[in-house]
Amino acid sequence: FSPLAGSVFATIGDDASDFGDVVVTGAGSTFSASSTGSELNVGLNGQGVLDVLAGGAVEFETINIAANAGSSGTVTVNGTGSQMRGRSRINVGGDTTAGGTGSLAVGSNGVVEVTGSLLEGLVVYGDGLLTTGAGSHIDVSTVLSVRAGGLVAMASGTIDATRVLVSGATLQTTGTSV
């Protein structure tokens, strides 16, 4: 984990040889930056893991999972009261373009929200995977975009978005609603 002093950036798995693992667990446990422009990278160039469990909360302006090519990032949001909020955008498997291998798993009663006004609030890139579990909820105030090669696999739970764009990618739903 490498926050930059005096900054609003935090990175888990910064350099190519780095492995970082952060667990935010329990009601009242938070990992956040309220500043405009704050950014969390889970796997910037290395390997990053973020687990938000049992009522823990994470909030940043932008959250990138596996931002750059060669990186890997895994985020799990699981358990009643567990939530992750991107006030602008959440990227899975990239940053503003396709990056590394990223996974966002929203498990039992976990909540992911993107509340910003950018055209695309949640983007799943080519090596990105978004999965949902029982009672999970994803709320995107704008567009959920699944880019070429990306995969959204919904076993259960709900996704609310103004629009869902799937371009050369896969959206699998089983007993759930989009």
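The values are calculated or read from the model by the stated rules, or taken from the named source; none is laboratory data. Keep in mind that this is a model prediction, so the values were computed, not measured. Neighbour counts are summed over all protein chains in view; Cβ atoms, including those assigned to glycine, are modelled from backbone coordinates with ideal geometry. Note: accessible area is taken over every heavy atom of the protein model, side chains too, but ligands, DNA and RNA are not part of it. Shrake-Rupley method; radii C 1.70, N 1.55, O 1.52, S 1.80 Å.
Look at region 96-123: where a residue is touching a residue at least 12 places away in the same chain (Cβ under 8 Å) and among the β-branched types (Val, Ile, Thr) and a partner is open to solvent by 30 Å² or more (accessible area, probe 1.4 Å) and assigned to a strand (DSSP E or B), sitting 6+ places away or on another chain with Cβ atoms under 6 Å, you get THR101/SER72; VAL111/GLN83; VAL111/HIS137; THR115/ARG87; THR115/SER141. In region 34-62, how many residues are among the small types (Gly, Ala, Ser), assigned to a loop (DSSP other than H, G, I, E, B) and surrounded by 19 or more Cβ atoms within 10 Å (Cβ to Cβ)? Adding up the residues that qualify gives 4. Close contacts from region 159-174, counting a first residue that is under 12 Å from LEU130 (Cα atoms) and open to solvent by 70 Å² or more (accessible area, probe 1.4 Å) and a second that is of a type in the set (A, V, I, L, M) and in a strand (DSSP E or B), with Cβ to Cβ under 8 Å and a gap of 6+ residues or different chains, come to GLN172/LEU151; GLN172/VAL152; GLN172/ALA153; GLN172/MET154; THR173/MET154.
Any residue in region 79-92 that is under 20 Å from ILE138 (Cα atoms), of a type outside the set (Val, Ile, Thr) and touching a residue at least 60 places away in the same chain (Cβ under 8 Å)?
no
Could you run through region 63-108 and say how many residues are of a type in the set (Ser, Thr, Tyr), more than 21 Å from ALA169 (Cα to Cα) and either within 8 Å of the chain's Cα centre (by Cα) or buried (at least 23 other Cβ atoms within 10 Å of the Cβ) (or both)?
Initial filter on region 63-108 (of a type in the set (Ser, Thr, Tyr)): 71-72, 74, 76, 80, 82, 88, 96-97, 101, 103, 108.
In the following step, the residues that additionally are more than 21 Å from ALA169 (Cα to Cα) were identified as 76, 80, 82, 88, 108.
Among the residues that remain, those that are also either within 8 Å of the chain's Cα centre (by Cα) or buried (at least 23 other Cβ atoms within 10 Å of the Cβ) (or both) are: 82.
Selection size over region 63-108: 1.
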